[in-house]
Amino acid sequence: MATRRTIDDDRLTAVGLIVEVHRGLTNKFAEGLARHGLSENELEILLRLGRTPNCQLRMSDLAAQTSLTTSGVTRVVDRLERAGLVERRSCESDRRGTWAVLTDSGLERVSAAVADHVQDVERWYTGLLTGQQLAALMEALRIVRDTVRPEAVAGVAEAAVAKTVRPAP
């Protein structure tokens, strides 16, 4: 009787599949994002800001939520700020803190990019699964994410109750 080798463990396959899917999706999405003049990191920051109450997050929370280092987030926000898509504002409750705030131009830009991006997501990811498969996958991924990266939702509650710092349109 053959014994199963450790190297053939299904747990390694599960991790490998996540890595392969991420790499494949990143490659498929890159072209569409480039048409909107955005990198994957820029889209991630704009999306996180746009999907957060008041379209704002403290810079430290934004760094915690992303896969970037604090200095990496600073560099991306610098570029987005120069492009007029994000502004920095002082945090009234913590003088050391700074909010990254999505501007109206930033919201327009990310909304336009997302309209096309959703089509790519549907083509290369969600459209390949049934509704039940997608719901189960999202539930499973949240369980893992909440264990290995609980900081991925850092600052959302604080942003919801913070004084709105976005200018009125």
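No value in this document is a laboratory result; all are computed from the given coordinates. Given the structure is predicted, the values throughout are model-derived calculations rather than measurements. For neighbour counting, all protein chains shown are included, and Cβ atoms are generated from backbone atoms with ideal geometry for every residue, glycine included.
On the beta carbon distance between residue 125 and residue 10, with R0 = 25 Å, the FRET formula returns roughly 0.65. What Kirkwood radius, in Å to one decimal, follows from the Cα pairs of the stretch 98-164? After inverting the mean inverse Cα-Cα distance, the result is 14.9 Å.
Relative to the longest principal axis of the Cα atoms of the chain, the long axis of helix 40-50 lies at roughly 60 degrees. Sparsely packed loop sites in the stretch 3-52 (the trypsin sites (Lys or Arg not before Pro) outside DSSP H, G, I, E and B with at most 14 other Cβ atoms within 10 Å) comprise 4, 5, 51. Against the longest alpha carbon principal axis of the chain, how many degrees, from 0 to 90 and to the nearest 10, is the axis of helix 10-35 turned? Helix 10-35 sits at roughly 40 degrees to that axis. What trypsin sites (Lys or Arg not before Pro) does the stretch 96-139 have in DSSP loop regions with at most 16 other beta carbons within 10 Å? Counting only loop positions with at most 16 other Cβ atoms within 10 Å, the trypsin sites (Lys or Arg not before Pro) in the stretch 96-139 are 96. Within the chain, the percentage of alpha carbon pairs spaced more than 27 angstrom apart rounds to 35%.
The radius of gyration of the Cα set in the stretch 73-136, together with its Dmax, comes out at 17.1, 48 angstrom.
Under 5 Å from the amide H of residue 57 lie the amide H atoms of 100, each residue being 5 or more positions distant or on a separate chain, with H modelled from the backbone and absent for Pro and chain starts. Relative to the dominant Cα principal axis of the chain, helix 70-82 is inclined by about 50°.
When you work out D = kT/(6 pi eta Rh) for the stretch 15-78 at 4 °C and 1.567 mPa s, using the Kirkwood radius from C-alpha pairs as Rh and the Stokes-Einstein form, the result is 101 µm²/s. When the helices of the chain are scored as -39500 (n - 2.57) per DSSP H run of n ≥ 4 and the total is divided over every residue, the value at 222 nm lands at -19500 deg cm²/dmol.
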